[in-house]
Amino acid sequence: MGVSSPVEGATAGIRTWCRIVLAVGICCYVLAVGAGMFLLSDDHGFGLLALLWFVAGVLLAVLIRGLGVGGVTALGAALFIVFASVASVSVAGIARDGLTLQHRGERVRVTVVKERLDPPRGRGGRHSHYTLERQDGTRVPGPEMETMSDRYDVGDVLTVVEDPEGKLGPQTPGQADATGDVAGAGAFGLVALGAVGWMTWRGSDTAKRRDRQKLLAAKRKAYPNGLPDHMTQNEQQEEKLREALRTFPADRRGYIKVQPGWYPDVSLERAARIAWEMGLRAEAAGNRGSWRFGETVMEEVPHD
């Protein structure tokens, strides 16, 4: 049975801590990018913001590759994180207006004096815009009130929250409640950070498989005519199992299938441990006399 040396164990521990530190740094970077884009969203045009998001995504892909993830996977993860961050920033911008209106707004009774609809745009909904007047006949300051549907008619009397500074359009008390928007922005942010955690796990798994493959390649180079004679029968069977897991093709469900009779001295729990070291999992359910291994399984065999 192979036993890793203290030096190998220490090296693996250092790599793990480096990945953790890098993952924390990537999370801080994602949060910093989101905060920066949130602050810039009102003062710069779409073109500049799109360019900044692109640059941030490229740098993010480079950082994710440092976790040990492949180039295509790193690029896909970076795109996913950028899209989630864009959604978070967009929803946060909506929440900011609602929170600002709640903080400095004043509730007043108003009358709808004018209504207009956006021009039709394909199958998209048409927003309604309302001009409002206070009960004393003065116009409500700021932009028109906007709703996503035709809720009100001219002459309707309702309560709205107006912005004394006239920078934000009036909203009904229900529209000004930003609780849902804040939760939505936070949820998108957590999704982006969760993707970083997932890539960290994937990188660690990939690194283990790569290290195991390098070890097997070194052994094949050192012993081109087969396994060394001084290895016990159990060790030889374990090495043959590793070779099978490395070279056997996966079936259409993603499983690598081997026959336990080929390794009579290797228990299923030990086989699960060997597979785990190579980035695989041992399936505990529905094997029908075979051992099945894959990156994801329905029920994992506990490894010793």
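Derivation of every value follows stated rules applied to the coordinates shown; laboratory data play no part. All values derive from a computational prediction rather than experimental measurement. With ideal geometry, Cβ positions are generated from the backbone for all residues, glycine too; neighbour counts draw on all protein chains shown.
Length available on full extension from Arg109 to Glu133: 0.36 nm per residue minus the Cα-Cα distance, which gives 7.8 nm.
Approximating the spin labels as points 7 Å out from Cα along Cα→Cβ, the Val55-to-Thr159 distance works out to 4.8 nm. The label point for Glu243 and the one for Phe46, both projected 7 Å from the Cα toward the Cβ, are 6.0 nm apart. Near Arg104, within a Cβ-to-Cβ distance under 15 Å, what is the net charge of the other residues, with Lys and Arg +1 and Asp and Glu -1? The answer is -2.
Given the Cα-Cα distance of Glu269 and Cys18 and 0.36 nm per residue of separation, how much length would full extension add, in nm?
87.4 nm
Residue ranges 134-146, 98-110, 159-171 sort as 159-171, 98-110, 134-146 when ordered by packing (mean number of other C-beta atoms within 10 Å per residue, highest first).
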